[in-house]
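Participant: Have a look at this one.
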Amino acid sequence: MTPTNQNVRIGVQIAPQHAEYSKIRDTLTEVETRGFDVAFNWDHFFPLTGEPDGLHFESWTILAAWAEQTTTIEFGALVNCNSYRNADLQADMARTIDHISGGRFIFGTGAGWFERDYREYGYEFGTPGTRLNALDDSLNRIEARWATINPPPTRDIPVLIGGGGEKKTLRIVAQHADIWHSFSNPQVLEHKLGVLGAWCDEVGRDVKEIEISTELRGRTVHDADALYDLGTRLFTVGITGPDYDLGKAIDWLAWRDSKNT
């Protein structure tokens with residue numbers, strides 16, 4: 001479902017947990033030097049794995065630093081939590097990081113789900129439905145702000161939306177996303193792409209305009225080939241502190257290159 005001339009890209013999600021920032025910075029340098037296509041962090045306030053009160057750093061301030069640190073790689077959050085910041089502020093932050101990086105920023109976003117973040121930082125948790133409604137509203141506001149802000153973004157900032165809900169999330173993807181990210185296996189992805197295609201038909205959009213992104217962690221080459229055949233072109237691998245072992249991610253670079261020859 002993805003255009004056949006689109007190259008495979010490999011992204012690395014550097015989880016900002018259980019490590020000093022100097023280690024995160026050094027890992028990003030290695031990710032860019034080795035030729036990965038995209039670097040991601042995530043938008044949480046506490047670790048998601050390991051010691052729940054371990055070391056952790058905030059997403060957007062990291063992304064601004066990454067914009068200055070790097071020169072070629074694209075980057076963003078996988079994903080930003082819409083609930084934590086005013087929509088127009090998100091648009092302004094994204095536009096600013098876009099300029100700092102010279103047009104390499106990906107605006108990854110989602111509805112949010114980690115209740116501890118909400119509880120300890122004083123945000124209303126609500127329900128999955130209310131959070132998705134808020135995401136839909138925010139994306140409209142963000143797009144409107146990008147159209148009027150001075151100076152404007154350097155490019156049409158790619159919008160990545162994470163999630164696989166069929167009634168709301170995939171409709172929002174159809175309306176707003178340039179990239180759709182999920183953790184689907186091949187069987188699930190095939191079904192979800194059918195749902196996404198139906199939503200795209202309903203909103204009057206070509207589903208082939210949306211780049212398909214899928215997590216590789218724990219997958220075999222056979223799985224990756226099947227995901228590729230279904231149209232996935234952005235594949236992500238997550239790594240975490242304190243060591244940020246890139247070994248398994250590096251193994252996928254040769255597979256990427258074989259697909260892009």
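The values are calculated or read from the model by the stated rules, or taken from the named source; none is laboratory data. The structure displayed is predicted, hence computed values, not measured ones. Counting neighbours? That spans all protein chains shown, and the Cβs are built from the backbone with ideal geometry, glycine included. What goes into the accessible areas is simple: the full protein's heavy atoms, side chains included, and nothing from ligands, DNA or RNA. Shrake-Rupley method; radii C 1.70, N 1.55, O 1.52, S 1.80 Å.
Participant: Can you give the helix-only mean residue ellipticity at 222 nm for the chain, where every DSSP H stretch with n ≥ 4 adds -39500 (n - 2.57) and the sum goes over all residues, rounded to the nearest 500 deg cm²/dmol?
Facilitator: On the way: 9 runs with 116 residues, N = 261.
Value at 222 nm, helices only: -14000 deg cm²/dmol.
Participant: Follow-up. Could you order Lys208, Lys259, Lys23, Lys167 so the one with the most accessible surface comes first? Probe is 1.4 Å.
Facilitator: Lys167, Lys208, Lys23, Lys259
Participant: Counting only protein heavy atoms and a 1.4 Å probe, tell me what percentage of region 78-150's accessible area is made up of carbon and sulfur.
Facilitator: 51
Participant: Over the chain, what is the relative contact order in whole percent, taking alpha-carbon pairs under 8 Å and six or more residues apart? Let's see the in-between values first.
Facilitator: Details: 452 pairs, mean separation 64.2, N = 261.
Value for the chain: 25 percent.
Participant: Could you run the Debye sum over the Cα atoms of the chain, one equal point scatterer each and no solvent, and tell me log10 of I(q)/I(0) at q = 0.09, 0.12, 0.16 Å⁻¹, two decimals?
Facilitator: Values returned for q = 0.09, 0.12, 0.16 Å⁻¹ are -0.38, -0.70, -1.33.
Participant: Once the principal axes of the Cα atoms of region 170-236 are found, what is the range along each, listed largest first in whole angstroms?
Facilitator: For region 170-236, the Cα extents along the three principal axes come out at 35, 18, 15 Å.
Participant: Report the residue, chosen from Asn150, Asn80, Asn41, that carries the largest GNM mean-square fluctuation when the chain is represented by alpha-carbon nodes joined by springs under 10 Å.
Facilitator: Asn150
Participant: If you don't mind, another one. In square angstrom, what is the accessible area per residue of region 9-260 with a 1.4 angstrom probe?
Facilitator: 43
Participant: Another one. From the alpha carbon gyration tensor of region 50-165, can you work out the equivalent ellipsoid semi-axes (sqrt of 5 times each eigenvalue) and give them in Å, largest to smallest?
Facilitator: They are 24, 19, 12 Å, listed largest first.
Participant: Let me ask another. Can you give the charge dipole size of the chain about its Cα centre, rounded to the nearest 20 debye, using +1 on the beta carbon of Lys and Arg and -1 on the beta carbon of Asp and Glu?
Facilitator: In total the dipole reaches around 300 debye.
Participant: Of the chain, which part is the longest with no GluC sites (Glu not before Pro) in a loop (DSSP not H, G, I, E, B) and with at most 15 other C-beta atoms within 10 angstrom?
Facilitator: Values: sites that count: Glu20, Glu58, Glu124, Glu166.
Value returned for the longest uninterrupted segment is 167-261.
Participant: Which of the three applies to region 207-250, rounded, prolate or oblate, going by the alpha-carbon gyration tensor with a ≥ b ≥ c and a/c under 1.5 meaning rounded?
Facilitator: oblate
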